1. Could you state how much accessible area L40 has, in square angstrom rounded to the nearest 10, with a 1.4 Å probe and all protein chains kept in place?
2. Based on the alpha-carbon gyration tensor of the stretch 189-233 and its eigenvalue square roots a ≥ b ≥ c, which shape applies: rounded if a/c is under 1.5, prolate if not and a/b is larger than b/c, or oblate?
3. Could you tell me which helices of the chain pass both thresholds, a Cα extent of 27 Å or more along their own axis and a mean Kyte-Doolittle hydropathy of at least 0.0, with helices taken as whole DSSP H runs?
4. Can you give me the accessible area per residue for the stretch 84-141, using a 1.4 Å probe, in Å²?
5. Can you give the calculated 222 nm mean residue ellipticity of the chain, where each DSSP H run of n ≥ 4 adds -39,500 (n - 2.57) and the sum is split over every residue, rounded to the nearest 500 deg cm²/dmol?
6. State, as an integer percentage, the relative contact order of the chain based on alpha-carbon contacts under 8 Å between residues 6 or more apart.
7. Between the stretch 211-235 and the stretch 136-186, how far is it from one alpha carbon centroid to the other, in angstrom?
8. As a test question: what accessible area, to the nearest 10 Å², does I258 have when a 1.4 Å probe is rolled over all protein chains in place?
Amino acid sequence: MEMVVNHTGVTYFVIKGISIAPDLQVSIFLLVLLIYVITLGGNMTIFLLICLDNCLHTPMYFFLVNLSVVDMSISTVTLHRILINFVTNDNTVGFSACMTQSFFFGSLSGHELFILTAMSCDRYMAICKPLNYYMIMNFKTCRVLASFCWLLGFIQVIPYSVMLVNICCYSSNEIDHFFCDLLPVMKIACSDISVLEALSFIQGIIMFFLTPFCLTFISYFLIINAIIKIPSNIGRRKAFYTCSSHLTVVIFLYVTLILQYLILNNSFGSTKLFSLFNTAIVPMLNPILYSLKNKDVKSSFKKRLGSIKTKFGLHF
């Protein structure tokens, strides 16, 4: 373990990874590689289908494209370090690279919550205000909402990222995580980080709970209330079907975030497990959930697959 005096002497950090057991390294590498390939393949498929099929050029799928982009980005930002460490047998990461990774992970995580909030508002308009839906949720509105989500995602992480870069003392350069997340880096700081802790806590409450969570909760409360009032069973099932995929993704994400950052904050083994779930499993499940539970996506996929078979004379 390398002891350091101040941040000017920290030229690199050592990333411990998911597990330090040598016998598990090959299995972890293969598992992460498989998850990463599925994540990229699934989200890229969703992205291309929506871009190429005019039938999917609706507000819901516009936001789904944004979600696919952020899912691929989060997985790339975090999981690439596990893959590189195994291939190069080098667990070190430069100080600047570590801070950059922390910044992009924080901004992309924020954007994911914001875009899911925008999707919940879109579902509210579609179910509760169907007559005014396309007038209100036009593509100008969608573009403004998506741009605001991206912009807010990057802006909200700047204050604590600046403070993190300027930490003046570390007790060690070993990060007990598989990437440079905020909390593990703060754990090895030996200088006064009380202001940073307070800022990250307040920002987490305001930016991640009061805004996205409450807006999403209110939207679904109103959606469920509207669905209950639909007189026919078929109408209720159809209305719930249109938002079931998004609701499943939201539940997965918020449950793991609450467990990771609020309940199991002091247990790094559990923190790494839920962090891996958020950065690997959830982005992999998103395209699966949206494709398996969505007739439009499945229909578009079959149509594109049929076109490829006809063009190349394939039979399978």
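The values are calculated or read from the model by the stated rules, or taken from the named source; none is laboratory data. Computed from a prediction, not measured in an experiment: that's the story for all the values here. No Cβ is skipped: glycine too gets one built from the backbone with ideal geometry, and neighbour counts run over all protein chains shown. The accessibility values were calculated without ligands, DNA or RNA, using every heavy atom of the protein model including side chains. Shrake-Rupley method; radii C 1.70, N 1.55, O 1.52, S 1.80 Å.
1. Accessible surface of L40 is approximately 50 Å².
2. Working: a/c = 9.96, a/b = 5.99, b/c = 1.66.
Prolate, since a/c reaches 1.5 and a/b exceeds b/c.
3. Values: long enough: 25-52 (40 Å, 2.29); 59-88 (43 Å, 1.21); 95-128 (49 Å, 0.80); 233-258 (34 Å, 0.81).
Span-like helices in the chain: 25-52, 59-88, 95-128, 233-258.
4. Values: 2630 Å² over 58 residues.
That works out to 45 Å² per residue.
5. On the way: 13 runs with 216 residues, N = 316.
My calculation for the chain gives -23000 deg cm²/dmol from helical runs alone.
6. Worked out over the chain, it gives 28 percent.
7. With the stretch 211-235 and the stretch 136-186 each reduced to a Cα centre, they are spaced 31 Å.
8. About 70 Å², ignoring ligands and nucleic acids.
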